[in-house]
1. So which pairs qualify, if the first residue must be in the range A:101-113 and charged (D, E, K, R), the second must be buried (at least 18 other Cβ atoms within 10 Å of the Cβ) and outside any helix (DSSP H, G or I), the Cβ gap must be under 9 Å, and the two must be at least 6 apart or on different chains?
2. Looking only at the range A:88-139, count every residue that is under 18 Å from B:ALA60 (Cα atoms) and of a type in the set (Gly, Ala, Ser) and tell me the total.
3. For the range B:96-111, which residues satisfy the criterion of being out of contact with any helix residue (DSSP H, G or I) (no Cβ under 9 Å at 6 or more places or on another chain) and either within 11 Å of chain A (Cβ to nearest Cβ) or free of Cβ contacts under 8 Å to residues at least 12 places away in the same chain (or both)?
4. Can you tell which of A:ASP36, A:ASP98 is free of Cβ contacts under 8 Å to residues at least 24 places away in the same chain and either not hydroxyl-bearing (Ser, Thr, Tyr) or not in a helix (DSSP H, G or I) (or both)?
5. Inspect the range A:89-107 for any residue being more than 22 Å from B:ILE87 (Cα to Cα), surrounded by 16 or more Cβ atoms within 10 Å (Cβ to Cβ) and more than 11 Å from every other protein chain (Cβ to nearest Cβ) and give the result as yes or no.
6. For the range B:36-111, give me every one of the strands (runs of 3 or more DSSP E) that falls completely inside it and has 2 or more residues that are touching a Gly at 6+ places or on another chain (Cβ under 8 Å) and surrounded by fewer than 19 Cβ atoms within 10 Å (Cβ to Cβ).
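All of the numbers you see were taken from the coordinates with simple rules; none came from a lab. Computed from a prediction, not measured in an experiment: that's the story for all the values here. Glycine gets a Cβ as well: all are built from the backbone with ideal geometry, and neighbour counts include every protein chain shown.
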Amino acid sequence: MNGEKDTLLIKSRLDQLTKARNWIAEKAQAAGFPPDDVFALKLAVSEACANIIRHAYEGAEDKDIILSVCIEGDKLLLTIRDFGKKFDLSCYKPPELDRPSESGYGIYLIMELMDEVEYDTSPSKGTILRIVKYKGKSR
Amino acid sequence: MKIEVTKENDIAIVAVEGEIDVETSPQLRERFDELLAQGEHNFVIDMGGVDFIDSSGLAAFVRLFKRVRVGEGDVKLCCVRPEILKIFELTRLNRVFDIFEARTEAVKSFQ
């Protein structure tokens, strides 16, 4: 799928997360991304979609989440689009890593595991999360 | 996700299989709570069958850890796959939990 865009539509339910993880894993594996990268992408997709379900859609189960992936050479560009409450990055506080916590690791893990992360709140409705992962670039 | 619990002396060995995510982690939390209610306070979590974990899964382990520490128990992990070990390292939870390669080592460490 070099340079081609592939898209998946899921509904805002937790039982859809496996489908989203399997979808990104299949695309990354087919493009030759190593197991570490595939795991990291699965985790990023899972955390991002779970946040959308919980915060952007506030638990509503019939809303749309659109995932798109485009792989060119060693670069994988993933976008995750929702149409709910906009994400406010200014509210994000990284976890205090010296104190084990029962929350707050989700966005931190996305940022640590991915090479580029951008939350675009410019659309009239919702947020576009853009993520870039380079093949084999261990973090 | 499948959870199997066995006992070895005063240690509860919890073998988990499958994916621990925001959909399945409540099941794990509930099982931990049941074991705590039964008086268990020393845990070995065998992660050999776990092929995915997200932040809600990490939270379930931290929650258990905080509760067992009140009673001076402990939670030890074993058989953690490299990709998952990396997540524990990134969150520094590898400094909270003792992590062993084999289940026997984890059990032995309680002695």
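1. Final answer for the pair search is A:GLU112/B:THR91.
2. Restricting attention to the range A:88-139, the residues satisfying the condition of being under 18 Å from B:ALA60 (Cα atoms) are A:95-109.
If we keep only those that are of a type in the set (Gly, Ala, Ser) as well, we get A:101, A:103-104, A:106.
Final tally of qualifying residues: 4.
3. B:THR104, B:LYS108, B:GLN111
4. Numbers: A:ASP36 fails: free of Cβ contacts under 8 Å to residues at least 24 places away in the same chain.
The conditions single out A:ASP98.
5. From the range A:89-107, those more than 22 Å from B:ILE87 (Cα to Cα) are A:89-91; that's our starting set.
Still in the list and also surrounded by 16 or more Cβ atoms within 10 Å (Cβ to Cβ): none.
No, there is no match, as no residue in the range A:89-107 is more than 22 Å from B:ILE87 (Cα to Cα), surrounded by 16 or more Cβ atoms within 10 Å (Cβ to Cβ) and more than 11 Å from every other protein chain (Cβ to nearest Cβ).
6. Working: elements: B:42-53, B:74-78, B:98-100.
Filter on the range B:36-111 gives B:42-53.
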